[in-house]
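All remarks here apply to the structure that follows.
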Amino acid sequence: MNSNMERCRIVVTFGMDEEEKALLFKTMPEGASFSFLSELNDEDRKKVLQTADVLFSWNPPKELAKDEYPLLTRLRFLQLLSAGADHVPFDDIPEGVVIASNVGAYAEPMAEHVLAMVLALAKQLLKNHNKLAHGEFNQFEINKMVSGSKVAIIGFGGIGKAAAKLFRCLGCKIYAINSSGRTQEAVDFIGTLKDLDFVLKESDIAVLSIALNKRTSNLIGRHELELMKSDAILVNVARAALIDEAALFEHLVNNPHFKAGIDAWWIEPFSTGTFKMDHPFCGLPNFIGSPHNSAMVPGVIERAVESAALNVRHFIQDKPIRGIVSREQYR
């Protein structure tokens, strides 16, 4: 956006507290104007959307009405607070608008969550806790070593790299998959999705941190699960639809030494307004779940606002921006 930077109109579509607003104001170039849709009546919403150069959004389908998208005639840039973009209604957003996700903003806490899930599953902490609660004491229950394991990280972006850093501290080997098949990080293997079967066969632990799009939907199905070691651990902190839900449940039931940790669910409030399980995962002894809260640590939203706001500033100033989303990957 190389002209009239001082007149840039930024519209925030989600609710912000005063601390988050202060971070936004501090990060933006002098002269930018701000409107907050949650504070406006219907008439004023329409006016500011018609003059918006930039939208700062978290969950556009819930923050904008269907009939408000045609008002975005001036829009040039949509910045998401979320790291993923699979929830964006791309067909409703005018062509030519640059869309960017908030890549890497939640990487460190999510990487810790990955490691916690892997360790809890490897050491069977929940299973043995429940046995103790029922009076069963088995001091000789066999657990799994994580140290020295081969870890497949499918999606080697911010989250994947942060997770790899933690696993390397345990002496693990890293088998990474990204879009280019190249990286400057210390890995034992780097490839693309064409190498998925290889890394699944080789690895003791597989971590899904890849973006959900039309290419990666149902990336892990019956075939891929059967390629994995019988005592492998699979953890998903990205999007549930990366995995075939029924295939995973069936595999866990039929392979009691195989374990899975799920943070992102197939039906959950962010996208559908409700939470529902079509299969009773939480009744399985080789499963652990969390309510898509792997990123939720004190201060994380403030840091995410600051990260996304900096990307907006760079767009306004014609500097390189992070996380540009290709619409064609989602259509």
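The values are calculated or read from the model by the stated rules, or taken from the named source; none is laboratory data. All values reported here derive from a predicted model rather than from experimental measurement. Note that we place each Cβ from the backbone using ideal geometry, even for glycine, and neighbour counts take in every protein chain shown. Calculation scope for accessible area: heavy atoms of the full protein, side chains included, ligands and nucleic acids excluded. Shrake-Rupley method; radii C 1.70, N 1.55, O 1.52, S 1.80 Å.
Before moving on, here are some points about what is shown:
- Single condition P269 does not satisfy, out of (1) under 24 Å from Y330 (Cβ atoms); (2) at pLDDT 95 or above; (3) surrounded by fewer than 18 Cβ atoms within 10 Å (Cβ to Cβ); (4) not β-branched (V, I, T): (2)
- For the residues V103, V118, V151, the requirement of being surrounded by 14 or more Cβ atoms within 10 Å (Cβ to Cβ), at pLDDT below 95 and either of a type in the set (A, V, I, L, M) or part of a helix (DSSP H, G or I) (or both) singles out V103.
- Qualifying residue in the stretch 228-251 (condition: free of Cβ contacts under 8 Å to residues at least 24 places away in the same chain, of a type outside the set (A, V, I, L, M) and open to solvent by 20 Å² or more (accessible area, probe 1.4 Å)): no
- Criterion violated by V146 - all others in (1) under 23 Å from the mean Cα position of the chain (by Cα); (2) hydrophobic (A, V, I, L, M, F, W, C); (3) open to solvent by less than 40 Å² (accessible area, probe 1.4 Å) satisfied: (1)
- For the stretch 197-216, a residue qualifies if it is over 17 Å from F156 (Cα atoms) and of a type outside the set (D, E), and the qualifying residues are K201, K214.
- With respect to the conditions (1) assigned to a helix (DSSP H, G or I); (2) open to solvent by 40 Å² or more (accessible area, probe 1.4 Å); (3) of a type in the set (A, V, I, L, M), A186 falls short on a single one, namely (1).
- Top-ranked residue of the stretch 164-179 - restricted to ones that are at pLDDT 95 or above and of a type in the set (G, A, S), ranked as nearest to N213 (Cα to Cα): A176
- Any hit, the stretch 123-135, residues being in a helix (DSSP H, G or I), buried (at least 16 other Cβ atoms within 10 Å of the Cβ) and free of Cβ contacts under 8 Å to residues at least 12 places away in the same chain: no
So that you can scan it fast, the table gives a plain yes or no per residue for (1) surrounded by 15 or more Cβ atoms within 10 Å (Cβ to Cβ); (2) within 16 Å of the chain's Cα centre (by Cα); (3) closer than 16 Å to P29 by Cα; (4) not hydrophobic (A, V, I, L, M, F, W, C):
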site: P280; (1), (2), (3), (4): no, no, no, yes
site: N286; (1), (2), (3), (4): yes, no, no, yes
site: P291; (1), (2), (3), (4): no, yes, no, yes
site: V297; (1), (2), (3), (4): yes, yes, no, no
site: D318; (1), (2), (3), (4): no, no, yes, yes
site: I321; (1), (2), (3), (4): yes, no, yes, no
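- All positions within the stretch 252-266 that are more than 16 Å from S82 (Cβ to Cβ), of a type in the set (A, V, I, L, M, F, W, C) and open to solvent by 10 Å² or more (accessible area, probe 1.4 Å): V253, W266
- Taken together, F198, F156 contain a single residue that is surrounded by fewer than 21 Cβ atoms within 10 Å (Cβ to Cβ), at negative phi and either at pLDDT 95 or above or not in a helix (DSSP H, G or I) (or both), which is F198.
- Answer residue from the stretch 252-264, given it is in contact with a strand residue (DSSP E or B) (Cβ under 8 Å, 6 or more places away or on another chain) and not aliphatic (A, V, I, L, M) and is farthest from A122 (Cα to Cα) among those: D263
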